[in-house]
Every structure is written in structure tokens, then in C-alpha cells.
Amino acid sequence: MASLNVGNLGNLGDYLREQRRTAQLSLRQLAEAAGVSNPYLSQIERGLRKPSAEVLQQVAKALRISAETLYVRAGILDEKEREELETRAVILADPSINERQKQVLLQIYDSFRKENAAESGPVPVPGTVPASAPAPAPDADEPPSS
């Protein structure tokens, strides 16, 4: 049967297969651990089915990998969102700091992200003049336009 690789699904399937093999699990073992059927998991690996976020989370848990990584591969989440979520997850999972410290760290993290986003502003398109840029001064050799 030919693969119908839709968008990133082939990439997702290849990645899942690679992770499953690295974990030394058979398709059947992973399907059982993730709570999905063997044929359904096989179809995901071959790019024939688009799994839900819930199924991806179950598979990620069974493989002991980041669910966010699978969400990015499936096109559910973009890379920047994944990085932000992983940063938050690491802070929240750290057993060496208490809940108050975790919340303070997250607030500081958010404030830095907002500050940096405000400083960077929109990315200019080459060949255009940003709206906030002053109009160019007329050449001294040119007569003023009426």
C-alpha cells in the first residue's frame, strides 16, 4: 500500500519509528504501552493517519520523550511554543526549588520574554520603509515637488 504522507505526518511517522527502535520496542509493545491499537500505530508511523494530541501524548509518555516534540513534528505546535513550554516544564519539575520560587522564576521568565519581544519589534521586509521611519530628505539638486 502506498504511503499518503500528508504534510509533516511522514516526518512524524519516521521520527516515531526511529524513537521506538531506539527504545528497543516492537510496534506491538509500544501500542500496548500507549494504549492504542497496533494497526493504528502502524498507520501513524507510515503517515496514513493524523493522531490527536492526546494520542501523541500517550505515545510520548510510553517512549519517555517530550510530547511537545511530537506536537511540533505533527504540526500541532510551532517550535517557539515548544521551547517556551519545555522551559516552563523544566522549571515546574525542578524538585530543588519550592512552589513560590517556581512561580517567581516563571514571572521573571515571562517579563524577559515580553521585554525582548517589545525591543525586537516587527521584522522589516527588505526593500520597504518601516512605518515608523522618517521620510527621506529631498536631494538638494532636485526642485521641491508641488
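The values are calculated or read from the model by the stated rules, or taken from the named source; none is laboratory data. Just so you know, these numbers come straight off a predicted model, no measurement behind them. Heads up, the Cβs are rebuilt from the backbone with ideal geometry, glycines too, and the neighbour counts pull from every protein chain shown. Heavy atoms of the whole protein, side chains included, go into the accessibility calculation; ligands, DNA and RNA do not. Shrake-Rupley method; radii C 1.70, N 1.55, O 1.52, S 1.80 Å.
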ASN98 vs (1) closer than 24 Å to GLU81 by Cα; (2) modelled with pLDDT of 90 or more; (3) not small (Gly, Ala, Ser): all pass except (1)
Filtering the stretch 54-93 down to residues that are surrounded by 12 or more Cβ atoms within 10 Å (Cβ to Cβ) and of a type in the set (Gly, Ala, Ser) yields ALA60, ALA62, SER66, ALA67, ALA74, GLY75, ALA89
Residues of the stretch 26-53 being part of a loop (DSSP other than H, G, I, E, B), closer than 19 Å to ALA67 by Cβ and open to solvent by 50 Å² or more (accessible area, probe 1.4 Å), in sequence order, are GLY35, ARG49, LYS50, SER52
Here the qualifying pairs (Cβ atoms under 6 Å; residues six or more apart or on different chains; first in the stretch 45-69 and in contact (Cβ under 8 Å) with a residue 40 or more places away in the chain; second of a type in the set (A, V, I, L, M) and surrounded by fewer than 19 Cβ atoms within 10 Å (Cβ to Cβ)) come out as LEU48/LEU4; LEU63/ALA23
I'd like to know if the stretch 5-21 contains one or more residues that are at pLDDT below 95, of a type in the set (Val, Ile, Thr) and either closer than 26 Å to ARG88 by Cα or not in a helix (DSSP H, G or I) (or both).
yes
Note on SER96: of the conditions (1) open to solvent by 30 Å² or more (accessible area, probe 1.4 Å); (2) assigned to a helix (DSSP H, G or I), unmet is (2)
